[in-house]
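S.K.: Got a structure here, written out as structure tokens. Questions coming.
Derivation of every value follows stated rules applied to the coordinates shown; laboratory data play no part. Please read these numbers as outputs of a predicted model, since none were measured by experiment. Every residue, glycine as well, gets a Cβ built from its backbone with ideal geometry; the counts of neighbours run over all protein chains shown.
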Amino acid sequence: MSTVSVIMPVHNGERYIAQSLRAIANQIESVFEVVVIDDASADGSMAIVEAFVKEVAVPIRLIHTEGVGQSAARNAGAQLASGDYLAFLDQDDVWLDGHVASLTRCLDDNPASSMAYSDINTIDADAGLLLVGLNARANNSHPKRGVNEIIAADIMALPSATMVRRIAFLDLGGFDPALQGYEDDDLYLRGFRAGWNPHYVDDARVNYRIHGSGSSMSPSFRASRLRFAEKIASLLPDNPRTHSHHVRDLLVPRMRRSFMLDYLVALRGGDFASARAIAGDLRTLYESSAIRPAGKLTLKIRAGLWLLTYPTVAQLILSMGGFPKVRSYLS
């Protein structure tokens, strides 16, 4: 019988981690071991974990890292794990009953696949249900069948909804530790190209917690977005000879949508400092040699970027219903 190691990175998660641990305990018969990676927590998270250790009859390994971030922490846990499969769970997400058994069965029944994942529900900070079946409701079809689908939009194959074969994960190098956001999309793309043949369970098996305005507003997340974009652009550069334009037609529009959504959130919240920082991120995207190897920006794009650096002007245009015109300048 296949064995499953749970990988849980923790950083100051005392508000939610008890809920996540209870979700593991509710399906402990499907779990071989739990590996908790304490990534420099300074709150009461580890006290909660230690109490959990005394309550469940399954090996729990606790290791410590020094603020390396979720991606590297997950990798450290995977290196220590001994199960056939790795099931990831973030400290603020909650597995539904049967989650581990469902994905284990999927991998057992599909030996040519190295990855299984499910749809998700979303919950708020207080665990109130927001939406059932995010991918289904968004018509986000899975599994992906080509790199075009993978890079054109956010995949939403979240770590907490994913199980992988441990050996395949380690052979691939795990999550990219340089990414603190988009590491799941990056893993999916690399796994797809390596022949992982992902399988999808269309039932929502995880409650994914949405916090406030979202992590995409943080400078570290936006920096990770830029790193991810440059990584993809270097891997799949445009090739006019073969009429292949992954960067121009898919990647740049996706990144532009994400940055512009963040910009609008900042603008509507009166956070002009963040709006200017996001405008700077957009400029960095457009000026990247990987994104735009030809060099110079068009006058139209430069005008759009210039306007975004003046949030009060952009807000005035928004109030007049002219923001779609601003977005069009960046196309």
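S.K.: Once the piece of chain linking Asp271 and Ala101 is laid out straight, how much longer is it, given 0.36 nm per residue of separation minus the C-alpha distance between them? Please report the intermediate quantities before stating the final value.
M.R.: Working: separation 170, 0.36 × 170 = 61.20 nm, distance 4.47 nm.
Gain on extension, Asp271 to Ala101, equals 56.7 nm.
S.K.: A further question follows. Specify the angular offset, from 0 to 90 degrees and rounded to the nearest 10, of the alpha carbon long axis of helix 219-235 from the longest principal axis of the alpha carbons in the chain.
M.R.: That works out to roughly 80 degrees.
S.K.: Next up: Return a single number: how many Lys pairs in the chain, at a sequence separation of 8 or more or on separate chains, have alpha-carbon atoms below 22 angstrom apart. If you can, show how the numbers build up before the last one.
M.R.: Numbers: Lys144/Lys231; Lys231/Lys296; Lys296/Lys325; Lys300/Lys325.
Lysine pairs meeting both conditions in the chain amount to 4.
S.K.: Another question, if that's okay. Could you calculate the contour length gain from Leu172 to Ser2, that is, 0.36 nm times the residue separation minus the distance between their Cα atoms, to one decimal place in nm?
M.R.: Details: separation 170, 0.36 × 170 = 61.20 nm, distance 2.05 nm.
Taking Leu172 through Ser2 to full extension adds about 59.1 nm, to one decimal.
S.K.: Please get the size of the charge dipole for segment 247-322, origin at its Cα centre, with Cβ charges of +1 on Lys and Arg and -1 on Asp and Glu, quoted in debye to the nearest 20.
M.R.: Working: 11 positive and 5 negative charges, 55 e Å.
With Lys and Arg at +1 and Asp and Glu at -1, about 260 debye.
S.K.: Using only Cα atoms, what is the ratio of the radius of gyration of segment 145-291 to 2.2 N^0.38 Å?
M.R.: Values: Rg = 16.3 Å, N = 147, 2.2 N^0.38 = 14.7 Å.
With N residues counted in segment 145-291, Rg over 2.2 N^0.38 Å equals 1.11.
S.K.: In the chain, what % of DSSP beta bridges are antiparallel (nearest 5)?
M.R.: Details: 11 of 35 bridges.
So the antiparallel bridges amount to about 30 percent of the total.
S.K.: Return an integer: the convex hull volume of the alpha-carbon atoms of segment 215-328, in Å³ per residue.
M.R.: On the way: hull volume 10.8 nm³, N = 114.
Measuring per residue, one finds 95 Å³ for the Cα hull of segment 215-328.
S.K.: Over the chain, what is the mean sequence separation of C-alpha contacts under 8 Å (at least six apart), divided by residue count, expressed as relative contact order in percent? The partial results should precede the final answer.
M.R.: On the way: 552 pairs, mean separation 51.5, N = 331.
Across the chain, relative contact order equals 16 percent.
S.K.: Right, here's the next one. Most exposed first by the Cβ proxy, i.e. fewest other Cβ within 10 Å, how do Arg283, Arg145 rank? Please report the intermediate quantities before stating the final value.
M.R.: Working: Arg283 17, Arg145 11.
Placing the least packed residue first, the sequence is Arg145, Arg283.
S.K.: What distance in nm separates the two pseudo spin-label positions at Thr242 and Ala40, each 7 Å out from Cα along the beta-carbon direction?
M.R.: Taking the simple label geometry, Thr242 and Ala40 are separated by 4.2 nm.
S.K.: Put a dot 7 Å past each Cα toward the Cβ at Ile210 and Glu55; how far apart are the dots in nm?
M.R.: Taking the simple label geometry, Glu55 and Ile210 are separated by 2.8 nm.
S.K.: A follow-up question, please. Quick check on the chain: helices-only [θ] at 222 nm, where DSSP H runs of length 4 and up contribute -39,500 (n - 2.57) each and the sum goes over total residues. Nearest 500, please.
M.R.: Working: 14 runs with 145 residues, N = 331.
Roughly -13000 deg cm²/dmol at 222 nm, from the helical runs in the chain.
S.K.: Would you kindly give the portion of the calculated P(r) for the chain that falls above 26 Å, as a percent of all Cα pairs?
M.R.: Working: 27980 of 54615 pairs.
For the chain, the fraction of Cα-Cα distances above 26 Å is 51 percent.
S.K.: Below 12 angstrom from the Cβ of Ile120, what's the summed charge of the other residues (Lys, Arg +1; Asp, Glu -1)? Present the calculation step by step, with values, prior to reporting the outcome.
M.R.: Numbers: positive: Arg137, Arg205, Arg209; negative: Asp90, Asp93, Asp119, Asp184, Asp202, Asp203.
For residues surrounding Ile120, the net value is -3.
S.K.: Working from Cα positions, state the angle (0 to 90°, nearest 10) between the long axis of helix 272-287 and the longest principal axis of the chain.
M.R.: Helix 272-287 sits at roughly 80 degrees to that axis.
S.K.: Mind checking which of Gly304, Tyr16, Ser274 is farthest towards the positive end of the chain's charge dipole, using Cβ charges of +1 (Lys, Arg) and -1 (Asp, Glu) about the Cα centre?
M.R.: Going by the charge dipole, the pick is Gly304.
S.K.: Just name one of Val36, His243, Trp95: the one whose Cα is farthest towards the positive end of the charge dipole of the chain (beta-carbon charges, Lys/Arg +1, Asp/Glu -1).
M.R.: His243
S.K.: Helix 252-268 against the longest principal axis of the chain: what's the angle in degrees, Cα atoms only, rounded to the nearest 10?
M.R.: Helix 252-268 and the main axis of the chain meet at about 90 degrees.
S.K.: Show me, bin by bin at 5 Å from 0, the whole-percent P(r) of segment 48-136 based on Cα pairs.
M.R.: Taking all Cα pairs of segment 48-136, the binned fractions are 2, 9, 16, 20, 22, 18, 11, 2 percent.
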